[in-house]
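Asker: Got a structure for you, questions after.
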Amino acid sequence: MDENRIKGEVKQVKGSIKEAIGKITGDKSTQAEGAAEKAAGKAQAAVGKATDAVKDSFKK
């Protein structure tokens, strides 16, 4: 499994938590930071998935 995939998933979870804390506390800045981190994590995970797919296609 590609390292970017794992790091991206972790970043998504951290972003979701930060976003939820921002919603609960009413802190728009924290909420926005969480949403941005979550989006960055999704992108990073997608890169990892694509890398895995390329690696798998060459193994066959």
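Asker: If you line up the long axis of helix 3-25 against the longest principal axis of the chain, both from Cα atoms, how many degrees apart are they, to the nearest 10?
Answerer: Here the helix axis deviates by roughly 10 degrees.
Asker: Let me ask something else about it. Give the accessible surface of the chain per residue, rounded to a whole number of Å², with probe radius 1.4 Å and ligands, DNA and RNA excluded.
Answerer: Numbers: 4160 Å² over 60 residues.
Accessible area per residue, the chain: 69 Å².
Asker: Just add up the charged neighbours of Ser29: K/R +1, D/E -1, any other residue whose Cβ is under 14 Å from the Cβ of Ser29.
Answerer: Working: positive: Lys18, Lys23, Lys28; negative: Glu19, Asp27, Glu33, Glu37.
Charge balance near Ser29 sits at -1.
Asker: Using 0.36 nm times the number of residues separating Ile17 and Lys59, minus their current alpha carbon distance, what extension gain do you get?
Answerer: Working: separation 42, 0.36 × 42 = 15.12 nm, distance 3.71 nm.
The Ile17-Lys59 span can extend by a further 11.4 nm.
Asker: Could you work out how far helix 28-59 tilts from the main Cα principal axis of the chain, as a 0 to 90 degree angle to the nearest 10?
Answerer: 10 degrees
Asker: Of all the accessible heavy-atom surface of the chain, with the other protein chains kept in place and a 1.4 Å probe, what percent is carbon and sulfur? Can you show the working numbers first?
Answerer: Details: 2510 of 4160 Å².
Looking at the chain in its full context, I get 60 percent from C and S.
Asker: I'm spelling it out carefully: the read-out is volume of the Cα convex hull per residue in Å³, the candidates are (i) 45; (ii) 147; (iii) 80, and one was derived from this structure. Which label?
Answerer: Label (i) holds the value from this structure.
The values are calculated or read from the model by the stated rules, or taken from the named source; none is laboratory data. Given the structure is predicted, the values throughout are model-derived calculations rather than measurements. Virtual Cβ from ideal backbone geometry, glycine too; neighbours counted across all protein chains shown. Ligands, DNA and RNA are excluded from the accessible area calculation, which covers all protein heavy atoms including side chains. Shrake-Rupley method; radii C 1.70, N 1.55, O 1.52, S 1.80 Å.
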